[in-house]
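Some notes on the structure that comes next.
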Amino acid sequence: MPDSTPRGRPRSEARTADILWAAAQLFASRGVAQASTREIAAAAQTTERTLFKHFGSKEKLVRAVVEEAVLIHLVPVSLQELGQAIAAFAGDLQAWHCALLQARMKALSGTPELTRLLLVELLRDEALRAEFAGQWQAAAWNPLVELFRHLQAGGNLRSDVEAATLARGFLSLNLGFLASRLVLAPAHTWDDEAEIEGLARLFAAGATAQPLRGS
């Protein structure tokens, strides 16, 4: 995220941006509950009164961080990297899966609190969820399904399961791991390399298995 406001903005707009970025950085490093509006105002080199003048309340500031910082800046960059990781498939399903999941871990572990904040807001806000889903579908879902269809056509993935179903299983494994690792139990002792290798091996075994009898 930018560390300072670009020059040339009107003072009010620049002040709003200063507060927004300060809040995003503190939310990311300390969490929403632990970051006070007084600390955010100090980090933005302004007053708490000015903060409330621009955003009204801490809850509205949180929402602004999601809409104007996370969804517009952090998410597109993250999804672009995910799309690039999907496109980097070079023939080895298990190695590709490991590399993709390791890249997602690295990208998300720098801002675990913002990841948690985004998940919470997505669950409670239908409009935000629809906006995120549109970005995610184009950047990640469509390329993943197309890759799996290509692999099925070449005989590299089982053909008795639709490519979209394989993609949902793939995403469920990865998202479940990432949510557990970064959001639900970050203090737990994890052997990330072993966990990722195990998930990749598990998916490859299921996705390349022979069709079941009667299928």
Quick one: what pairs do we get from segment 33-49, first residue in contact (Cβ under 8 Å) with a residue 12 or more places away in the chain, second basic (Lys, Arg), C-beta under 6 Å, 6+ apart or different chains? 37/58
Let me spell it out: the conditions are (1) modelled with pLDDT of 85 or more; (2) under 13 Å from the mean Cα position of the chain (by Cα), and residue 148 meets all of them except one. Which number is the exception? (2)
Select from segment 146-164 the residues that are surrounded by 15 or more Cβ atoms within 10 Å (Cβ to Cβ) and assigned to a helix (DSSP H, G or I) and list them in ascending order. 147, 148, 149, 151, 152, 163
Residue that is modelled with the highest pLDDT, among those in segment 45-67 that are within 30 Å of the chain's Cα centre (by Cα) and among the acidic types (Asp, Glu): 59
Does segment 68-119 hold any residues that are touching a helix residue (DSSP H, G or I) at 6+ places or on another chain (Cβ under 7 Å), charged (D, E, K, R) and modelled with pLDDT of 85 or more, and which are they? 81, 104
Test of understanding: among 108, 61, which residue is touching a Ser or Thr at 6+ places or on another chain (Cβ under 9 Å), more than 20 Å from residue 179 (Cβ to Cβ) and of a type outside the set (Val, Ile, Thr)? 61
Every residue in segment 97-130 that is of a type in the set (Asp, Glu) and surrounded by 15 or more Cβ atoms within 10 Å (Cβ to Cβ), please. 113, 121, 125
Scanning segment 165-195 residue by residue, those farther than 19 Å from residue 95 by Cβ, over 19 Å from the mean Cα position of the chain (by Cα) and surrounded by 13 or more Cβ atoms within 10 Å (Cβ to Cβ) turn out to be 190
Regarding residue 143, is this residue surrounded by 14 or more Cβ atoms within 10 Å (Cβ to Cβ) and either over 11 Å from the mean Cα position of the chain (by Cα) or among the aliphatic types (A, V, I, L, M) (or both)? yes
Members of segment 55-72 found to be buried (at least 16 other Cβ atoms within 10 Å of the Cβ) and over 16 Å from residue 26 (Cβ atoms), listed by number: 67, 71
If you scan segment 137-163, which residues turn out to be without any contact (Cβ under 8 Å) to a residue 60 or more places away in the chain and either under 21 Å from residue 78 (Cβ atoms) or not assigned by TED's automatic domain parsing to the domain that holds residue 181 (or both)? 137, 138, 141, 142, 144, 145, 146
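The values are calculated or read from the model by the stated rules, or taken from the named source; none is laboratory data. Being a predicted model, the structure only gives us computed values, none of them experimental. In this analysis, Cβ positions are derived from the backbone assuming ideal geometry, glycine residues included, and neighbour counts consider all displayed protein chains.
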